[in-house]
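Below: one structure, written as structure tokens.
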Amino acid sequence: MCDKKSYEQAIEELSLMLMYLTRTQDHSEFCRYRELSWKGYDFEMLDKLSGEELIIQPRGRRGYDKYLYLTEEGRRKAQNLLAKYGLCDKALNERFVLRNILPEEAEQAAQIEQICFPPNEACSKPRIMERVAAAPELFLVAVDQETGKLAGFLNGIATDEAVFRDEFFTDIKLHKPDGKNVMLLGLDVLPAYRGQGLAREIMFQYLRREWEKGRRKVALTCLQSKVKMYTKMGYQNAGISQSTWGGEQWYDMVHVLNI
Ligand SMILES: CC(C)(COP(=O)(O)OP(=O)(O)OC[C@H]1O[C@@H](n2cnc3c(N)ncnc32)[C@H](O)[C@@H]1OP(=O)(O)O)[C@@H](O)C(=O)NCCC(=O)NCCS
């Protein structure tokens, strides 16, 4: 019995892997988090992948653009295919899996928060537990494949409100799952994993996911020392925030995803 893939399946799987491996950062000012792939592939196969929601083919006034985006599902499928055929991904993707937090990881996340932030800024354990329970789809974790433990995470809640306020940190009832905006509440990377681009990868993956869901904007507050870091991630500095969290001065940073 022959267990070979059909010609069509071979083209489809190889094309998806190639789109994934050769994707490159979109350098447009407001969408650095996106990764585009060029479209030199069979058009029928591309339409099939669009139908399966594995890719997005943007359309301009004169028809389809020359590039495409992989959806989260498309990225996952490509990663699974690479693993199945024993092919390597980029080092960061080999080392970490990015996915929604699991309920049993809430305690770990609470510990990481205490390691990453001073006591006046850190979110308490009960608040982290509430967020994990109420909004796991907005709690993205990076898992070290070798240890199976969390290396870092980014969490937030959704709302129709446009401006950040400190109650988002403490009142989980403000989370509205289909809210048009996301308020980010914490970006944490354990010291042993810092300086390798993990925070940026977590942030970009988070923004891609929320862009795909059609959210309008993502907002966060940060200390002045982090303004440059978030600006490089595509955020705009909206000035001094009304937040007084931990008795410090914060800056409002905003990232528009969909107009
Ligand atoms: C800030 C933090 C998340 C960065 O994690 P990381 O994985 O080391 O960051 P990355 O390697 O992805 O770096 C991304 C960019 O941010 C910059 N950056 C990293 N840590 C920084 C810091 N502490 N201060 C200012 N900029 C920083 C890097 O220089 C890098 O810039 P580049 O694009 O020019 O290379 C991590 O140090 C941390 O958890 N700190 C404690 C919690 C915290 O401060 N979170 C942010 C709260 S607003």
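Every listed requirement among (1) away from the ligand (no atom under 16 Å from the Cβ); (2) over 17 Å from the mean Cα position of the chain (by Cα); (3) charged (D, E, K, R) is met by GLU212 save one, (2).
Conditions tested, residue by residue: (1) outside the structural domain of ASN181 (by TED's automatic domain parsing); (2) loosely packed, with under 14 Cβ neighbours inside 10 Å; (3) in contact with a strand residue (DSSP E or B) (Cβ under 7 Å, 6 or more places away or on another chain).
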site	(1), (2), (3)
ASN100	no, no, yes
ALA106	no, no, no
ALA109	no, no, yes
GLU113	no, no, yes
PRO118	no, yes, no
MET129	no, no, no
VAL132	no, no, yes
ALA135	no, no, yes
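Every residue in the range 176-199 that is closer than 14 Å to ASN155 by Cα and either under 11 Å from the mean Cα position of the chain (by Cα) or near the ligand (Cβ under 9 Å from one of its atoms) (or both), please.
Taking the range 176-199 first, the residues closer than 14 Å to ASN155 by Cα are 177, 181-189, 199.
Correct list: LEU184, GLY186, LEU187, ASP188, VAL189, ALA199.
Out of the helices (runs of 4 or more DSSP H) lying entirely within the range 1-99, which hold 1 or more residues that are under 30 Å from THR147 (Cβ atoms)? Those helices (runs of 4 or more DSSP H) span 7-21, 72-84, 91-95. Scanning the range 154-186 for residues that are within 18 Å of ARG99 (Cβ to Cβ), without any contact (Cβ under 8 Å) to a residue 60 or more places away in the chain and in contact with a helix residue (DSSP H, G or I) (Cβ under 6 Å, 6 or more places away or on another chain) gives LEU154, ASN155, VAL182.
If only one of TYR235, TYR193, TYR206 is buried (at least 20 other Cβ atoms within 10 Å of the Cβ), among the aromatic types (Phe, Trp, Tyr) and touching a residue at least 24 places away in the same chain (Cβ under 8 Å), which one is it? Reasoning before the result, please.
Details: TYR235 fails: touching a residue at least 24 places away in the same chain (Cβ under 8 Å); TYR193 fails: buried (at least 20 other Cβ atoms within 10 Å of the Cβ).
Of TYR235, TYR193, TYR206, the one residue that is buried (at least 20 other Cβ atoms within 10 Å of the Cβ), among the aromatic types (Phe, Trp, Tyr) and touching a residue at least 24 places away in the same chain (Cβ under 8 Å) is TYR206.
The residues listed here are PHE153, PHE117; of these, the one that is within 16 Å of the ligand (Cβ to nearest atom) and within 15 Å of the chain's Cα centre (by Cα) is PHE153.
The values are calculated or read from the model by the stated rules, or taken from the named source; none is laboratory data. Just so it is clear, the model here is predicted, and its values are computed rather than measured. Ideal geometry is used to build each Cβ from the backbone, glycine not excepted, and the neighbour counts take in all protein chains shown.
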